1. Would you point out which residue out of 97, 58 is at positive phi and over 18 Å from the mean Cα position of the chain (by Cα)?
2. Can you tell me which residue within segment 142-155, out of those that are at pLDDT 95 or above and crowded, with 16+ Cβ neighbours inside 10 Å, is farthest from residue 19 (Cα to Cα)?
3. Only residues that are within 19 Å of residue 161 (Cβ to Cβ) and either in contact with a helix residue (DSSP H, G or I) (Cβ under 9 Å, 6 or more places away or on another chain) or surrounded by fewer than 18 Cβ atoms within 10 Å (Cβ to Cβ) (or both): list them for segment 63-79, please.
4. Any residue in segment 111-140 that's in contact (Cβ under 8 Å) with a residue 12 or more places away in the chain and on the phi > 0 side of the Ramachandran plot: show its pairings with residues that are surrounded by fewer than 18 Cβ atoms within 10 Å (Cβ to Cβ) and outside any strand (DSSP E or B) at Cβ separation under 9 Å, as long as the two are six or more apart or on different chains.
5. How many residues, within segment 80-94, are under 21 Å from the mean Cα position of the chain (by Cα) and buried (at least 18 other Cβ atoms within 10 Å of the Cβ)?
6. Filtering segment 121-132 down to residues that are under 22 Å from residue 165 (Cα atoms) and exposed (fewer than 15 other Cβ atoms within 10 Å of the Cβ), which residue is nearest to the chain's Cα centre (by Cα)?
7. Need pairs with beta-carbon distance below 9 Å; first residue within 12 Å of residue 16 (Cβ to Cβ) and within segment 158-186, second modelled with pLDDT under 90 and assigned to a strand (DSSP E or B); sequence gap 6+ or separate chains.
């Protein structure tokens with residue numbers, strides 16, 4: 001006699017966010033991370049992820065980037081002038097001295113936190129990288145929308161941060177969140193964290 005045991009598999013969940021400001025208007029450039037609660041953090045594979053922050057029109061594109069720890073970020077300069085990209089943020093201090101083109105080596109963001117970057121030549125240039133110890137990260141688009149796929153069902157902390165908080169908060173706001181299958185949520189991001 002053969003007995004078989006059938007164990008139901010949990011299907012991955014997804015999170016769809018509509019991010020708005022305190023007046024209900026869509027809010028772009030909100031960095032979001034889903035941090036598991038009561039479960040081991042997912043294994044992060046060092047240097048397998050890459051991202052790009054372009055310098056063009058004497059600004060950084062995109063303004064906000066969210067990455068898992070260990071992500072290698074390239075900084076191509078597509079302007080006709082030299083830039084000197086730097087950060088003195090505790091999560092990642094670095095300098096890419098005056099250059100045009102793309103530096104040979106990317107900058108690896110290996111410590112969680114908020115990284116503020118600038119250009120030593122053009123003071124108006126600023127960009128942000130939010131680094132998290134989870135693979136489930138994203139940034140809201142121009143319509144305030146964000147979708148994170150492939151998340152195991154369970155309890156999470158939704159950590160989020162917006163550049164309007166620069167100078168007042170160097171830590172993401174946090175709220176509990178339960179994900180079963182697909183979840184759609186509205187996230188209100190106020191003027192203050």
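1. None of the other options fit; the residue is 58.
2. By that ranking, first place goes to 148.
3. Within segment 63-79, 63, 64 qualify.
4. These pairs meet every condition: 113/90; 113/170; 113/171.
5. 5
6. 124
7. As it stands, the answer is 179/13; 181/13; 182/13; 183/13, since those pairs meet every condition given.
Conditions tested, residue by residue: (1) under 27 Å from residue 59 (Cα atoms); (2) at pLDDT 95 or above; (3) surrounded by 17 or more Cβ atoms within 10 Å (Cβ to Cβ).
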position	(1), (2), (3)
105	yes, no, no
170	yes, no, no
181	no, no, no
188	no, yes, no
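The values are calculated or read from the model by the stated rules, or taken from the named source; none is laboratory data. The model shown is predicted, which means the values in this text are computed figures rather than measured ones. Note that each Cβ is placed from the backbone with ideal geometry, even for glycine, and that neighbours are counted across all protein chains shown.
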